[in-house]
1. At most 16 other Cβ atoms within 10 Å and a DSSP loop assignment: could you name the GluC sites (Glu not before Pro) in the stretch 123-194 that fit?
2. Rounded if a/c is under 1.5, else prolate if a/b is larger than b/c, else oblate: which is the stretch 139-208, with a ≥ b ≥ c the root eigenvalues of its Cα gyration tensor?
3. How much mean residue ellipticity at 222 nm does the chain get from its helices, if each DSSP H run of length 4 or more adds -39500 (n - 2.57) and you divide by all residues, to the nearest 500 deg cm²/dmol?
4. Averaging sequence separations of C-alpha pairs under 8 Å and six or more residues apart, then dividing by the length of the stretch 96-174, give the relative contact order as a whole percent.
5. Give me the net charge for the shell around SER19: Cβ to Cβ below 9 angstrom, other residues only, Lys and Arg +1, Asp and Glu -1.
6. Who wins for biggest fluctuation among GLY132, GLY31, GLY156 in a Gaussian network model of the chain, springs between alpha carbons below 10 Å?
7. Using only the alpha-carbon atoms, how far is helix 2-20 inclined from the longest principal axis of the chain? Give it as 0 to 90 degrees, nearest 10.
8. Would you work out which of ALA177, VAL34, SER163 lies farthest towards the positive end of the dipole of the chain? Charges go on Cβ: Lys and Arg +1, Asp and Glu -1.
Amino acid sequence: MIELRTRTVADWVRGWALSRGTPAPVEEPDGYRVDVGLPAHRVRYVLPDPAAAGPRAATLTEPGTWLKVCGSPDQVQLTPAWTVGAPEYLMTIDLHPHPPVPPPATYTAELRSTGDVHDAVVLNNDHLAAKGRVAVCGSAAVVDVVETDPAHRRRGLGRVVMSELTRAAAAGGATRAVLVATEDGRALYEKLGWAVVSPVTAAHLPVP
């Protein structure tokens with residue numbers, strides 16, 4: 001299980017960096033560092049072992065620093081200086097060819113690709129109803145920024161987006177996919193066959 005978690009984290013951090021257009025991750029003794037470069041998100045550390053969170057956090061003081069750690073909040077020991085986010089879940093699935101999921105009536109689905117990054121959008125009368133992105137890194141693909149407009153939820157649009165993304169990933173040579181899900185997202189992805197590898201705790205040092 002530790003080996004699977006370590007591999008899945010490596011897949012996720014590389015694909016996330018490609019999806020977000022950041023520099024490639026830098027390997028650290030306890031995980032990975034991504035130099036994001038945004039004012040409120042300067043750098044991100046991704047750690048597969050919750051035991052590494054405390055020692056790593058003790059070295060970090062700059063506002064805009066983010067941590068993403070495999071482990072539940074009670075496993076990840078952080079000081080009150082850190083703002084801890086809602087529970088998240090590292091998930092994975094093996095990719096296999098499958099037919100597309102058609103959108104409901106009045107909706108259309110499109111795939112827009114730039115190199116190894118593919119964006120799926122679902123439109124309703126030319127208005128964006130749902131979207132998602134997948135970044136393909138070799139045999140692994142990372143699903144990112146999946147969202148459905150609140151006015152269009154509970155219509156199966158998430159399934160449409162995920163179908164488009166996983167089909168694009170498989171066509172690009174990926175044999176497995178990875179994502180980090182919210183609590184609500186986890187319920188959808190488990191219905192689609194995704195499995196939880198680890199709980200994830202996200203935290204950051206806020207910018208004043």
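Only the coordinates and a few stated rules stand behind these numbers; no lab work does. Here the structure is a predicted model, which is why all the values come from computation and not from measurement. As a convention, Cβ positions derive from the backbone with ideal geometry for all residues, glycine included, and neighbour counts pool all protein chains shown.
1. Working: sites: GLU147, GLU164, GLU183, GLU190; in loops: none.
Sparse-neighbourhood loop GluC sites (Glu not before Pro): none present.
2. On the way: a/c = 1.74, a/b = 1.22, b/c = 1.43.
Oblate shape, in that a/c is at least 1.5 and b/c is the bigger or equal ratio.
3. Working: 4 runs with 49 residues, N = 208.
When only DSSP H runs of four or more count, the value is -7500 deg cm²/dmol.
4. On the way: 151 pairs, mean separation 25.2, N = 79.
Averaging sequence separation for qualifying contacts and normalising by length gives 32 percent for the stretch 96-174.
5. Working: positive: ARG20, ARG133; negative: ASP144.
Result for the neighbourhood of SER19: +1.
6. GLY156
7. 70 degrees
8. Checking the options against the dipole of the chain, the answer is SER163.
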